[in-house]
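The values are calculated or read from the model by the stated rules, or taken from the named source; none is laboratory data. Since the model is a prediction, treat every value here as computed from it, not as a measurement. Virtual Cβ from ideal backbone geometry, glycine too; neighbours counted across all protein chains shown.
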Amino acid sequence: MSESSKTPGHRPDADTAARAQAAPAPSKTTWLLLIVAIVLVIAGLVAFYVATRFAREAHQANQNEAGVVTVKVGAHECTPNELTVPAGLSTFRIVNTSDRAVEWEILDGVMVIEERENIAPAFAQTLTAQLAPGDYDITCGLLSNPRGKLHVTPTAQSDQASKAAPSMTDFVGPLSEYRVYVTLQSMSLVSAVQALNQAIAGNDVAAAKTAYADAHHIYMHLAPIADLFSDLDKRLDAPADFYDKREKDPGFTGFHRVQYGLFGAGAPVSLATLAAPAQQLAKDADALKKRMDDLSIEPKQLSVATARRVELIATALTASNEEAHASMSPGNVAPALEGVSEIVGLLKPLLTQSNAALGTTLGSDLDAALAQAKSVSAAAGDDATFASLDAGQREQLAKKLTTLAADLRRINPALGLN
């Protein structure tokens, strides 16, 4: 037995109990802090779980409906503003979350690959594009908004497709003929815009209106290919609703600026106020001619460009916003279709060899759309807008244009150009 156990009156258990009683008990504050710490840890875990799940669901939402990529176009930017998709056919769902009609474009430099315009607020449109590997820009709504990025990664299928592309020899003739056509049309455009400037400088309102109509009709002949040059096309032909302050926006220029002065609210204005816009229009027409002279267009761009122009007009006709109706003229539909007809005429001999039925259908649908466009234009008058047409007229013309656009979208697969 130890010495301590021999000490009279000594009780080890009593000493231990005494020491336990001497230690202070946790205060209410200590308990409260402990509870708060536990709650914060739990809240952090919950927040992490929610954030992870949200990110996963957001990713799934952006690539839903069997690979459809959703992009939201807000007042000042796109969400997301950077996308990555594999090469090949991609479908995008463009949702307008702003309070203005917007557009969304895929650009390769200044060249437009695909676009959707006049997407009404709270509405969505889909866009399907055949994309080659590379990096592209994205326009997001108003022209003043920052651009986004689209990264297209190569795939085994895209590598194989590039090796199996059809011979370009068959397209040498059509491409050469089309270059001659756009060269002559761009020369005519420069001359017509010069005549418009002379009429404005001479303070001749009647001559200015006639010169404006002539110049814009020529531009519509070039529109399918002019659309490819995003920067110039916007300066030459962007309507007022593409700009933050609409008609009062300092960036608003081109044909629609002159049209507003000649035919818009309060028109005709003093022609002196149109001198600067008309001069800028002449500079941009010269710049377009230079680009047309140096144009190197791929065969697959011909049908895509024409389909996109036809779809753009059809969308404007069926748009829910009156701004789209007010910015488009029935008189410009027929000239645009004449430009489309030039391209179709060059491709039809090739279609006869690969898909004669499509060539026949395409010709018939183009003739029907052109006849309808001329009829509507004659009834509405030169200075009319889509807003002046009744809903039935707009719907009937849009239906024919939509059918024609679908035919045009079938050309590349028929010619092996996908």
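In the set D241, D249, D231, D237, only one residue is over 21 Å from L184 (Cα atoms), of a type in the set (D, E) and without any contact (Cβ under 8 Å) to a residue 60 or more places away in the chain; that residue is D249. Among the conditions (1) loosely packed, with under 15 Cβ neighbours inside 10 Å; (2) at pLDDT below 85; (3) among the acidic types (D, E), the only one that E395 does not satisfy is (2).
Scanning region 245-287 for residues that are touching a Lys or Arg at 6+ places or on another chain (Cβ under 9 Å) and of a type in the set (S, T, Y) gives a single hit, T253. In region 220-276, what residues are in a helix (DSSP H, G or I), surrounded by fewer than 17 Cβ atoms within 10 Å (Cβ to Cβ) and among the basic types (K, R)? Within region 220-276, R246, K248 meet the criteria. Looking across region 91-104, the residues that are surrounded by fewer than 21 Cβ atoms within 10 Å (Cβ to Cβ) and either touching a helix residue (DSSP H, G or I) at 6+ places or on another chain (Cβ under 9 Å) or among the charged types (D, E, K, R) (or both) come down to T91, R93, D99, R100. Out of the residues in region 95-140 meeting the condition of being closer than 20 Å to T84 by Cα and among the aromatic types (F, W, Y), tell me which one is modelled with the lowest pLDDT. Among them, the one singled out is W104. The residues in region 313-351 that are at pLDDT 80 or above and polar (S, T, N, Q) can be counted, and the count is 5. Applying the selection to region 283-308, what residues are of a type in the set (G, A, S) and either in a loop (DSSP other than H, G, I, E, B) or surrounded by fewer than 17 Cβ atoms within 10 Å (Cβ to Cβ) (or both)? Result: A287, S296. For first residues located in region 271-285 and free of Cβ contacts under 8 Å to residues at least 40 places away in the same chain, partners that are among the aliphatic types (A, V, I, L, M) and lie 6+ apart or on another chain with Cβ distances below 7 Å form the pairs P277/V258. Evaluation of A211 against the conditions (1) closer than 26 Å to P146 by Cβ; (2) assigned to a helix (DSSP H, G or I); (3) of a type in the set (A, V, I, L, M, F, W, C) shows that the sole unmet condition is (1). For the structure I just gave you, tell me whether D159 is within 28 Å of G134 (Cα to Cα) and in the same structural domain as S90 (by TED's automatic domain parsing). Spelling it out, D159 is indeed within 28 Å of G134 (Cα to Cα) and in the same structural domain as S90 (by TED's automatic domain parsing).
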